[in-house]
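To start, the structure under review is shown below, and the notes come after it.
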Amino acid sequence: MKAFARLLDQLAFTPARNAKLTLLRDYLGSAPDPERGWALAALTGALSFEAAKPGFIRKAAEARLDPLLFSLSYDFVGDLAETVALVWPHLPGPNREPELPEVVESLKLASRREVQQLLERWLDALDATGRWALLKLLTGGLRVGVSARLAKQALAALGDVPVSDIEEIWHGQTPPYGDLFAWLEKRSDKPSADAPARFRPVMLAQAIDEDSDFARYDAQNYAAEWKWDGIRVQAAHEGGQRRLYSRTGEDIAAAFPDVIAALNFDGVIDGELLIFRDSHAAPFGDLQQRLNRKTADAKLMEKFPAGIRAYDLLVEGDEDLRSLSFQERRKRLEAFVARLHSDRIDLSPLQPFASWEELKQLRAHPPKGDPEIAEGLMLKRWDSVYEPGRPKGPWFKWKRDPHLVDAVLMYAQRGHGKRSGFYSDYTFGVWRRDANGDRALTPVGKAYFGFTDEELKRLDKFVRDNTVERFGPVRSVRADKDFGLVLEIAFEGLQRSTRHKSGVAMRFPRVNRIRWDKPAREADELPTLEKMLD
Amino acid sequence: MAGFRQLLRNTPQGLYCPPGDFHIDPVAPVARAVITHGHSDHARSGHGAVLATPETLAIMAARYGEAFAAGTEAVPYGAKITRNDVSVTLVPAGHVLGSAQVVLNWKGITAVVSGDYKRRSDPTCLAFEPVACHLFVSEATFGLPVFHFPPAQDEAAKLIKSVALFPGRTHLVGAYALGKAQRLIALLRQAGYDKPLYMHGAMDSMNALYQAHGVALGALLPATDAARNALPGEIVIAPPSAIADKWARRFADPIPAFASGWMMVRARARQRHVELPLVVSDHADWDELTLTVQELKPEEFWITHGNEEALLRWALLNDIAATALEIAGYEDEEE
């Protein structure tokens, strides 16, 4: 348990992805079986316990420590599990520190009552970091910023294999993943990838470079279709198994029973998960209501009915189509979708075009209907096979130009890692009129990239020279009608938000240009932004 | 005992001993001061006469210049000095080099003013010596049951392991320039880390002073030299405030670390953007505070500064007469 606790502890303090990867790889390479397998399951969400409720944990702690001392401690620390982990009196003696596999096995077998007794014994034997990790594990949320994707990358690094190899076999593997580690450490052959309805690693597109790629590639060799604004999914129904995967291979079926019910076919399709209303795609904000949930109730599904707009057909019956050309797969897909007669699965239509110039016009002025809310266009070579990863040449994405708004820098926060000495995270605002008609800035978003290192130095100097107030790592910067720094912010879309004071939330905001020249009072007003709502 | 308040009392300048006519660690200039240790909030300049250990006087001279007080009196550990009818003895407190508890004897009363102290071993200073007393006046910087510090050796090992794991990055460790920095260096040396350690300029005078007092620190090099080396794979020790400063930019993708008792609490580490918290403290943790009181069995237990509320509650539960003096002016944020 010590090594696992230490890993969780470090992951929680490490913001940088690469550093997390190093920590994971180091742990997976040094912890023994089956501990590392259970750790992997806990990190990827394949293993979760809700064995202990906060109320129980607090009561158990107060049985060991005076309640007033506990509450003084809780006030100081601010987090229940952490407080309990810190104040729990260590009981040296016969107690042996539990190992992770022992904890997992016991929890699987124990009744709720027994779990509580076990928990107290384990807390007695562990140190503060161990207690914290155990409580995180038992209350069902590790929240240390590790995605399943990141864990798979660490495994790929451990075995020196492409991450697509891991993804391909992942769904045939179960915790504690003995076969997987044996293969990665070259002690055995690659586990079979023949599990029905397993995940097929996804083919992704490169962003097109408008300056060079159009001259290099011939328009006739490419098909174009709209890039729908949902999430990329893979839907499989094979051997009686139905699955819905995100593009990194996470099984999201439990949150989409309505989509699962519609998979009345034998095969695997690649498509975009969308909310459908009268056969039309709804904006991304609607889909967001259904994302990151463990389940979906009937009311939610009725209000936000989900479906798939199909891009590709990977498997039909027993036949793997991935080595066929896009052109052939497309023909098969069209016939496949037509046979379904489903209001949950439709076809992403191809957009005919004769030249890049014509396509450019289409992208700038999409036809009425669904294409108006598409994210842009996809270009696919007619002869491209379906290959995992992001190969350069066969597929391109060509996103629409972002929305732009001129906002005023209001707050800045220090960054991490390379940027730890710089104020590199910027909260910006636009003008809004209050009830008296006076103009005041209201924050509308936060951006932390889009500028060069040189620009960062200048921004940082501006922040330090014009700080009005400090709150911990945050500085408030002078911003009023007579003085302030205007940032041109690019973003992909705008949604209504009740969580933000301004009532709007941006998708993917970044600094497009720094307007050293523009007076703050000439920055945009909130109504300008509201017109851009999706 | 009624006499306690005649022997010691709180004044706007800090703790005062009327029969001896001196203050202990006064927070404002006074005529006569007894100083427990060299940290700047306890050892201020501008007093009339200062009585302290030779090490503490040397630290004050290094920090403020030789003229930091009108007069000084160096009293080695264990020597008995008399002021009017009060005898004063300085006894090791285990906090930093030269740190002392002040033991007062007056009319049959023994009072101990702990200053800042710890009970754990520290290769850079003498260990705390418990003195049985009627009145124990203690600090309470970490006076909450959440503070059970792990073994400092484990924290040094954590740092060394992280350096091995991230050979391309600089480990930038914030540590208080007096005491914490030297203890951390000594811990790293004990753990077998024998590469040069790189120092912020603010560390130099205290490092030199410790070395002159026979504390071995190994090879120390300036972190910032003319070559502007980014120091990948090296450990740099700097004052806590420098970690977040422009100064930190020169290093290779630095991992910010901080050696402090406050690092026990996650929110404190996150607030400072610390990615490698190292729980190394020169103060007593909750167990040390409470066990020390139980060991000394004083008739009364007074608390000078820190988190006194929980200790008062603990004293009540354990039937120990306790009072919080709430002396203002001591800051331990950077501990």
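Only the coordinates and a few stated rules stand behind these numbers; no lab work does. Please read all numbers here as calculations on a predicted model, not as lab measurements. Please note: Cβ atoms are built from the backbone with ideal geometry, for glycine as well, and neighbour counts cover all protein chains shown.
Over the range B:152-278, what lengths in whole Å, largest first, do the semi-axes of the equivalent ellipsoid take, defined as the square roots of 5 times the eigenvalues of the alpha-carbon gyration tensor? Each semi-axis is √(5λ); the values are 20, 17, 15 Å. In this structure the amide hydrogen of B:Val34, modeled in the peptide plane, comes within under 5 Å of the amide hydrogens of B:His23, B:Ile24, B:Asp25, B:Leu51, none closer than 5 places in sequence on its chain. In the structure displayed, which of A:Lys294/B:Lys158; B:Lys158/B:Lys246; B:Lys118/B:Lys158; A:Lys136/B:Lys195; A:Lys53/A:Lys294; A:Lys20/A:Lys303 lie more than 29 Å apart, Cα to Cα? Going by Cα-Cα distance, A:Lys294/B:Lys158; A:Lys136/B:Lys195; A:Lys20/A:Lys303 fall outside the 29 Å limit.
Length gained on full extension, A:Gln288 to A:Asp160: 42.5 nm, using 0.36 nm per residue less the C-alpha separation.
I'd like the distance between the alpha-carbon centres of the range A:9-49 and the range A:96-156, rounded to an integer number of Å. Centre-to-centre distance over Cα atoms comes out at 13 Å. Using Cβ point charges alone (K and R +1, D and E -1), the dipole size of chain A about the Cα centre works out to roughly 1140 debye.
The alpha carbons of the range A:206-399 give a radius of gyration and a Dmax of 16.7, 51 Å, in that order. Taking a sphere under 13 Å around the Cβ of B:Ile109 and counting the other residues whose Cβ falls inside, with K and R at +1 and D and E at -1, yields a net charge of -1. Counted over the range B:152-278, the DSSP beta bridges are approximately 0% antiparallel. Take each residue in B:266-277, count the other chain C-beta atoms within 10 Å of its C-beta, and the mean is 5.
The GluC sites (Glu not before Pro) of the range A:470-534 include none that DSSP puts in a loop with a beta carbon having at most 16 other beta carbons within 10 Å. Each part gets one Cα centre, and for the range B:67-144 versus the range B:204-253 those centres are 32 Å apart. Of the beta bridges DSSP finds with both residues in the protein assembly as shown, what % are antiparallel, to the nearest 5? The antiparallel fraction comes to roughly 70 percent. Label-to-label distance, A:Arg400 versus A:Gln361, with points set 7 angstrom from Cα along the beta-carbon direction: 1.9 nm. Counting Cβ atoms of other protein chains within 10 Å of each Cβ in B:165-175 and taking the mean gives 2. Take the Cβ atoms of A:Lys457 and B:Ala328, set R0 to 41 Å, and the FRET efficiency comes out at 0.50. Backbone amide hydrogens, once placed in the peptide plane, bring A:Met410 within less than 5 Å of A:Thr427, A:Phe428, A:Gly429, excluding anything fewer than 5 places away on its chain.
Counting only lysines at least 8 places from A:Lys392 when in the same chain, those with an alpha carbon closer than 16 Å to its own are A:Lys380.
Couplings for the range A:484-489, taken from phi via the Karplus curve 6.51 cos²θ - 1.76 cosθ + 1.60 with θ = phi - 60°, read x, 9, 8, 10, 7, 9 Hz in order; Gly and Pro are left as x.
Here A:Lys501 is the anchor, and the lysines within straight C-alpha reach of less than 22 Å, apart from those fewer than 8 places off in the same chain, are A:Lys446, A:Lys481, A:Lys531. If r is the Cβ-Cβ distance from B:Glu299 to B:Glu66 and R0 is 30 Å, what FRET efficiency results, to the nearest 0.05? Given R0 = 30 Å and the Cβ-Cβ separation, E is 0.10.
Restricting the trypsin sites (Lys or Arg not before Pro) of the range A:47-89 to loop positions (DSSP other than H, G, I, E, B) with no more than 16 neighbouring Cβ atoms within 10 Å leaves A:Arg64. The 3J(HN,Hα) values that the Karplus relation (6.51, -1.76, 1.60; θ = phi - 60°) gives for the range A:181-187 are, in residue order, 5, 4, 5, 5, 9, 6, 9 Hz. Gly and Pro appear as x. Across the alpha-carbon atoms of the range A:403-530, the computed radius of gyration and Dmax are 13.9, 45 angstrom. Ordering B:His95, B:His148 from the fewest to the most neighbouring beta carbons within 10 Å gives B:His148, B:His95. Modelled spin labels at A:Asp266 and B:Lys161, positioned 7 Å past Cα toward Cβ, are 5.3 nm from each other. To the nearest ten degrees, helix B:308-317 and the longest principal axis of the Cα atoms of chain B are 60 degrees apart.
Within chain A, the selection of entire DSSP H helices by a Cα span of 27 Å or greater along the long axis and an average Kyte-Doolittle value of at least 0.0 returns an empty list. For A:Lys461, a cut-off of 13 angstrom between C-alpha atoms picks up these aspartates and glutamates, skipping any fewer than 8 places away in its own chain: A:Asp453, B:Asp245. Between the residues B:Ile160, A:Leu274, B:Thr11, the greatest Cα displacement towards the positive end of the dipole of the protein assembly as shown, with unit charges on the Cβ of Lys, Arg, Asp and Glu, is found for A:Leu274.
The residue list B:Ala61, B:Ile303, A:Gly415 was ranked by how far each Cα lies along the charge dipole of the protein assembly as shown toward its positive end, using unit charges on Cβ atoms, and A:Gly415 comes out on top. Peptide B:141-147 has a mean of 6 when you count, residue by residue, the C-beta atoms of other protein chains within 10 Å of its C-beta.
Near A:Ala193, once Lys and Arg are set to +1 and Asp and Glu to -1 for all other residues with Cβ below 13 Å from its Cβ, the sum equals -4.
Among B:Val112, B:Ala208, B:Ile35, flag the residue with its Cα farthest along the positive direction of the charge dipole of chain B, charges on Cβ as +1 for Lys/Arg and -1 for Asp/Glu. Of B:Val112, B:Ala208, B:Ile35, it is B:Ala208.
Between A:Asp218 and A:Glu469, the modelled label-to-label distance comes to 6.5 nm, taking each label 7 Å out from Cα in the direction of the beta carbon. What does the C-alpha gyration tensor say about the overall shape of the range B:209-293? Classify as rounded when a/c is under 1.5, otherwise prolate if a/b is larger than b/c, or oblate. Verdict is oblate for the range B:209-293. Packing around the peptides B:267-276, A:178-187, taken as the average count of other Cβ atoms within 10 Å per residue, puts them in this order, highest first: B:267-276, A:178-187. Protection proxy ranking, highest mean first, for peptides A:255-264, B:135-144: B:135-144, A:255-264, where packing is the per-residue count of other beta-carbon atoms within 10 Å, averaged. Amide H contacts for A:Gly493 (H built 1.01 Å from N in the peptide plane; partners 5 or more residues away or on another chain; cut-off under 5 Å): A:Arg507. Each Lys or Arg adds one and each Asp or Glu subtracts one; over the other residues with Cβ under 13 Å from the Cβ of A:Arg390, this totals +3.
Straightening the chain between A:Ala338 and A:Ala298 buys 11.6 nm, computed as 0.36 nm per residue apart minus the Cα-Cα spacing. Seen from a random direction on average, the alpha-carbon convex hull of chain A projects onto 30.2 square nanometres.
For trypsin sites (Lys or Arg not before Pro), the sites in the range B:133-228 that DSSP calls loop and that have at most 13 other Cβ atoms within 10 Å are B:Arg228.
Cβ crowding within 10 Å, taken as a proxy for footprinting-reagent exposure, orders A:Met301, A:Met506 from fewest neighbours to most as A:Met301, A:Met506. Put in order of Cβ neighbour count within 10 Å, fewest first, the listed residues B:Tyr16, A:Tyr311 become B:Tyr16, A:Tyr311. Remark: the range B:267-335 projects, on average over all directions, an area of 5.7 nm² (convex hull of Cα atoms).
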